């Protein structure tokens, strides 16, 4: 029940109690609560019902503050982190950690965590917290490192941004109400949208402007069409992220879209392939911003140990390198791109990277033992 003042709330409750008795019903005051916004009188109860600072309605916690969903958002972030921490246990002994991990996160966790997201206004900081948690899950699933670019991780696993999902929830809520049959909800939505100072309206309008779609269009488009528009917007953001990463110059040329790659499995060779594709193998070039030791440890060539050197140039790995995959006529970036991104003979390529990495590791160990 809603009321604009305490006297109005008292009158409404008295009417409810009185009419309920005629039908043999009684209000359970122990299981009922009253929430008062901007209560300067510190009211303790109304009609024998306790006044509290928060209530839970349809699974969503509402508090008596200006940001009435603040507690709910904190709960969502806490729940996401708790379920993210469980990811390793979920995928540790499964037959395909990428498939099972992605299914667990997208089909079980996200619907639970983002329940009610359409009615809630998130700050950019809150969305970023959820995104960081999701990034950590994809890092566990794929075997990524701390310096593995997030844009490449979500591209390899085929995932939208957390913000994209929240925008979709808000647009679909507005669409469902405006095209539905509930006249009361329609009236509330109309008044909400008419109030240009309302935070929900401001947020929705901002999102619509970002994705270049009008409120009228959202009512005409079906859910699939809205999803397609959001996917294009998400892909544009992904492309901008990829373009901004100098380490992904080969990746952005060969990877044209956000798309789940199905050739990853539980083997070490899969993890190495992923790290090579995203240019985040722990080669010495990664030390350029820390200890400065960037030269190759295992050969006499005074060059930086980067992906090109490891895959093509290092003479100490010649026996493990399969020349049929690295054609001399190609520009080196093209040769690397073909090797890592053309899926033909992908299992043999995984095996080759693994052999090269094992040889590199053993040679470094031999040198350390001297």
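The set of residues from segment 234-249 being under 17 Å from residue 148 (Cβ atoms) and in contact (Cβ under 8 Å) with a residue 60 or more places away in the chain comprises 238, 241, 242, 245, 247, 248, 249. The number of residues in segment 78-101 that are surrounded by 17 or more Cβ atoms within 10 Å (Cβ to Cβ) and more than 14 Å from residue 141 (Cβ to Cβ) comes to 1.
Is it true that some residue in segment 6-19 is farther than 29 Å from residue 112 by Cβ, in contact with a strand residue (DSSP E or B) (Cβ under 9 Å, 6 or more places away or on another chain), at pLDDT 90 or above and assigned to a loop (DSSP other than H, G, I, E, B)? Within segment 6-19, not a single residue is farther than 29 Å from residue 112 by Cβ, in contact with a strand residue (DSSP E or B) (Cβ under 9 Å, 6 or more places away or on another chain), at pLDDT 90 or above and assigned to a loop (DSSP other than H, G, I, E, B). Looking at 286, 267, 231, 252, just one residue is under 21 Å from the mean Cα position of the chain (by Cα) and touching a residue at least 40 places away in the same chain (Cβ under 8 Å), and that residue is 231. Just one of the listed residues (175, 183, 170) is surrounded by fewer than 16 Cβ atoms within 10 Å (Cβ to Cβ) and out of contact with any strand residue (DSSP E or B) (no Cβ under 9 Å at 6 or more places or on another chain), namely 183. For segment 51-77, taking the residues that are free of Cβ contacts under 8 Å to residues at least 12 places away in the same chain and in a helix (DSSP H, G or I), the one that is farthest from residue 137 (Cα to Cα) is identified as 70.
Here residue 349 meets each of (1) within 30 Å of residue 98 (Cα to Cα); (2) out of contact with any helix residue (DSSP H, G or I) (no Cβ under 7 Å at 6 or more places or on another chain); (3) crowded, with 17+ Cβ neighbours inside 10 Å with one exception, condition (2). For segment 295-325, filtering for residues that are within 20 Å of residue 248 (Cα to Cα) and either in the same structural domain as residue 142 (by TED's automatic domain parsing) or buried (at least 16 other Cβ atoms within 10 Å of the Cβ) (or both) leaves 9. If you go through segment 326-346 and keep only what is surrounded by 14 or more Cβ atoms within 10 Å (Cβ to Cβ) and either under 30 Å from the mean Cα position of the chain (by Cα) or on the phi > 0 side of the Ramachandran plot (or both), you end up with 336, 337, 338, 339, 340, 341, 345, 346.
The values are calculated or read from the model by the stated rules, or taken from the named source; none is laboratory data. Every value quoted in this text rests on a predicted model; they were computed, and no experiment measured them. Ideal geometry is used to build each Cβ from the backbone, glycine not excepted, and the neighbour counts take in all protein chains shown.
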